[in-house]
Amino acid sequence: MDTLKQIRFVWKPVVFLLCLVPALLLLGDTFEITGALGANPVEEIQDRLGNWGLRFILIALAVTPLRRITGWNGLQRFRRMLGLYAFFYTLLHFLAWLFLDQGMLLSAILEDIVKRPFITIGFAALLILTAMAATSTNGMRRRLGRRWQQLHYGAYVVGILGVWHYWWQVKKDIREPLIYAVILALLLGLRLWFRYRKSSRRQRKPKHTETLETRSGKP
C-alpha cells in the first residue's frame with residue numbers, strides 16, 4: 001500500500017475517531033456512563049466543548065508549520081478534517097449556550113451579549129469558521145480561486161478571537177488561556193518566519209543568477 005492510500009484508508013479513519021473521542025466522553029459523562037459532569041452540568045458541557053473547539057483550531061493551525069519542519073507533506077491531508085472538527089466543537093459550544101444556558105429566550109440572549117461582550121467575540125469566530133467549513137470542499141476551492149485562500153487565512157483570526165473570548169470569560173484565573181495564547185503566538189511567529197525566509201530567498205535569487213551569467217561571460 002502506497003503512502004497516499006495508507007493515509008486515506010488507515011490514518012485518516014484513525015484520526016477521525018480520535019477527534020471524536022472528546023464528544024463521546026462528554027456524552028458518556030452526561031448519561032453517567034463514563035463519569036459525571038459535576039455540580040454545574042450546563043457549564044461543564046459548555047466549557048468542555050469550547051476548550052476542544054479552541055484546541056482543534058490550534059491543532060489545525062499547527063499542521064502547516066509541522067509539515068515544513070518535518071518535511072512530511074502528508075500532514076496537509078489532515079488539515080481539512082481538523083478544521084472541520086474545530087467547527088464541529090465550536091458550533092456545539094454555541095448551541096449548548098443557546099439552548100441549555102439561555103433556553104432560546106431572546107431577552108436573555110440580548111442581555112447576556114450586552115453584559116458579556118466576550119460572547120460577541122466568540123460568535124464572530126463561529127461565523128468565520130462557518131464560512132470556512134462551508135467552503136472547505138475541493139469544488140468550492142476551485143470555484144473561489146484566490147478568494148478561497150484569503151478566506152481560509154481567517155483561521156488565524158479565529159484563533160485570536162477564540163483565545164480572546166476565553167481570556168475575557170475566565171477573568172481571574174488566566175493560566176489556561178495564557179497557554180493557548182502562547183501556542184498561538186508561536187504558530188503566528190513561525191508563519192511570519194517562513195514567509196520572511198521565502199521572501200528573502202526570492203530577493204537573493206536574481207543576484208545569484210546575475211553572478212552566474214557574469215561568470216559565464218554573458219553581458
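A short reminder: the numbers here are calculations on the coordinates, not readings from a lab. Predicted model only: the values in this text are computed from it and were never measured. Please note: Cβ atoms are built from the backbone with ideal geometry, for glycine as well, and neighbour counts cover all protein chains shown.
Eigenvalues of the alpha-carbon gyration tensor of the chain, scaled by 5 and square-rooted, set the equivalent ellipsoid semi-axes at 40, 22, 16 angstrom, largest first. Which residue, chosen from Met132, Gly38, Leu92, occupies the Cα position most advanced towards the positive end of the dipole of the range 3-190, where the dipole is computed from +1 (Lys, Arg) and -1 (Asp, Glu) charges on Cβ about the Cα centre? Going by the Cα projections, it comes out as Met132.
Our note on the geometry: Cα centres of the range 158-182 and the range 47-115, 14 Å apart.
Placing +1 on the Cβ of every Lys and Arg and -1 on the Cβ of every Asp and Glu, with nothing else charged, gives the chain a dipole about its Cα centre of roughly 2200 debye. Applying the Kirkwood pairwise sum to the alpha-carbon positions of the range 89-150 produces a hydrodynamic radius of 13.4 angstrom. The GluC sites (Glu not before Pro) found in the range 24-95 that occupy coil by DSSP, while having at most 15 further C-beta atoms within 10 Å, are Glu32.
The loop-placed chymotrypsin sites (Phe, Trp or Tyr not before Pro) in the range 82-184, going by DSSP, that have at most 16 neighbouring Cβ atoms within 10 Å of their Cβ come out as Tyr153.
Using the Kyte-Doolittle scale, which helices in the chain average at least 0.0 and also have C-alpha atoms spread 20 Å or more along the helix axis, with helices defined as whole DSSP H runs? For the chain, where a helix must reach 20 Å along its axis and average at least 0.0, the hits are 12-30, 41-70, 79-95, 118-134, 154-170. Put simply, the C-alpha atoms of the range 100-188 give a gyration tensor, and the ellipsoid matching it has half-axes of 28, 20, 8 Å, longest first.
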